[in-house]
1. Which members of the range 33-69 meet the condition of being out of contact with any Ser or Thr (no Cβ under 9 Å at 6 or more places or on another chain), open to solvent by 60 Å² or more (accessible area, probe 1.4 Å) and in a helix (DSSP H, G or I)?
2. Tally time: how many residues in the range 13-32 are farther than 19 Å from N70 by Cβ and either touching a residue at least 24 places away in the same chain (Cβ under 8 Å) or in a helix (DSSP H, G or I) (or both)?
3. Quick check on my filter: what residues within the range 1-39 are within 20 Å of R61 (Cα to Cα) and out of contact with any helix residue (DSSP H, G or I) (no Cβ under 9 Å at 6 or more places or on another chain)?
4. Of everything in the range 1-12, what is outside any loop (DSSP other than H, G, I, E, B) and among the polar types (S, T, N, Q)? Give them in sequence order.
Amino acid sequence: MNLDIFISHFSELFDETPASEISATTAFHNLDEFSSLTALSIIAMIDEQYEVTLKGDDIRRAITVEDLFNIVKERRG
């Protein structure tokens, strides 16, 4: 699993936020475009791309994109 590819997949979910503004340290909850619908899109993307099931609590617990990456990486084994 690669962090840069994860960030690329993650940034594709945002229409108004340039991909260049999303990095490992981005606190994604603070993005203007982030919403509960975006959270569902993140969960769906992770399920499709990485075959890992996340819950809303996982999204709430993660602060940065890298936090989310680490949760997915841990569950993939």
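The values are calculated or read from the model by the stated rules, or taken from the named source; none is laboratory data. Here the structure is a predicted model, which is why all the values come from computation and not from measurement. Cβ placement follows ideal geometry from the backbone for every residue including glycine, while neighbour counts extend to all protein chains displayed. Quick note on the areas: whole protein, heavy atoms, side chains included, nothing else; ligands and nucleic acids left out. Shrake-Rupley method; radii C 1.70, N 1.55, O 1.52, S 1.80 Å.
1. The answer is S36, L37, L40, E48, Q49, D57, R60, R61.
2. Looking only at that region, the number is 4.
3. N30, D32, E33, S35, L37
4. S8, S11
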